[in-house]
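The values are calculated or read from the model by the stated rules, or taken from the named source; none is laboratory data. As the structure is a computational prediction, the values presented were derived from the model and not from experiment. Cβ: placed from backbone, ideal geometry, glycine included. Neighbour counts: every protein chain shown.
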Amino acid sequence: MATVETRALIKRFDSGTNAVDGIDLSVREGEFMVLLGPSGSGKTTLLRMIAGLEQPTSGDILLDGQVITGLPPRARNMAMVFQSYALYPHLNVFRNIAFPLRAQGMARGSIQEKVDWAAKMFGISALLQRKPRQLSGGERQRVALARAVVREPVVFLLDEPLSNLDAKLRISARDELQQFQRHLETTTIYVTHDQVEALALGDRIVVLDHGSIHQIGTPQEVYERPADTFVATFIGAPPMNLVQRQGQPTLGFRPEHFLPQAAYNDTSQLRRFPFHILRVENLGSNHLVYGELLPPMPPVKAIARIPSTVEVVLERGATSEFAIKEHRLHAFDPDTGLRLD
Ligand code: ATP
């Protein structure tokens, strides 16, 4: 187990913009930390600097409190798993997993033992003689993870390891990954642009954009108390509704908290909004209602997510009274976008 810290970490490429723009991060022992952000936000660059594959322009990286900024990757005892898995196509699964151990000069008997242990943990013992091309995407992913685990690294660095899997396999692979991590208790830093994956996996999530941190928090914190309008709209699908008002704080509310007034038994502390319905989408377990707010609100588009258990007739073209519990409203500074309470 290990802690990882970055201090004022900056990476400037020749293009002149800072891909990573002054990041202070502190990952705890055994923690599953997710780096979440849109494409180009600097996630991969940050991970590669931690791995030692990229040198920072300035700033420091610490492992267990020791500065490791100048150390080569092999001296860091971290294992990185890439999106592509980077398996050796001409080697069978056994040799792929054994590769880092051979490179260390480990004795044959010990290698056999380690590979068997890792293969068993990832359920791939029957596949050891196959070549990577004879494996499914999910199996390849397990081989890549087994190869990472086998040298017992102190830190796992994972760069979108599930992105090549189909939607169904992704969910089961996600669960497995979480179980392995909990079992091994290895400090893990995991890159994704998928907010659902981030919420499902992370002990904490770092939300990045343009090389800067917008928020660090538990899945619950970033969802329930987003630090700014970027986090509010990046996390959650459909995103949080935002209403910009002349000379007043920007108002935010999540689609699932914006319901027809008739859906509330307890009508205390309700803020009411007349809502003009433009379109209703039936998703089975709930309905998405697309519409526009009416005066006294500005004419802003908004979305409501209504559980199918709520029996209210919603018709396109109708105007209906919608409402939100006061404590579900978020307020943001209209100029900076920062949360106000
Ligand atoms: P994605 O989700 O698309 O992988 P990301 O958040 O991982 O994106 P990075 O790959 O870290 O983002 O890239 C951050 C920024 O740095 C981008 O603007 C990218 O174009 C730039 N960048 C990354 N690598 C290099 C490089 N080797 N040379 C120049 N610019 C680079």
Take Lys120 and decide whether it is among the basic types (Lys, Arg) and buried (at least 16 other Cβ atoms within 10 Å of the Cβ).
no
The condition of being farther than 13 Å from Arg339 by Cα, outside the structural domain of Pro299 (by TED's automatic domain parsing) and aliphatic (A, V, I, L, M) holds, among Val207, Val222, only for Val207
What strands (runs of 3 or more DSSP E) completely inside the range 234-341 contain at least 2 residues that are surrounded by fewer than 16 Cβ atoms within 10 Å (Cβ to Cβ)?
241-245, 270-282, 301-307, 319-325
When you look at Val196, is it in a helix (DSSP H, G or I), of a type in the set (Val, Ile, Thr) and at pLDDT below 95, yes or no?
yes
Strands (runs of 3 or more DSSP E) fully within the range 1-79 counting 1 or more residues that are over 20 Å from the mean Cα position of the chain (by Cα) and away from the ligand (no atom under 16 Å from the Cβ):
4-12, 58-63
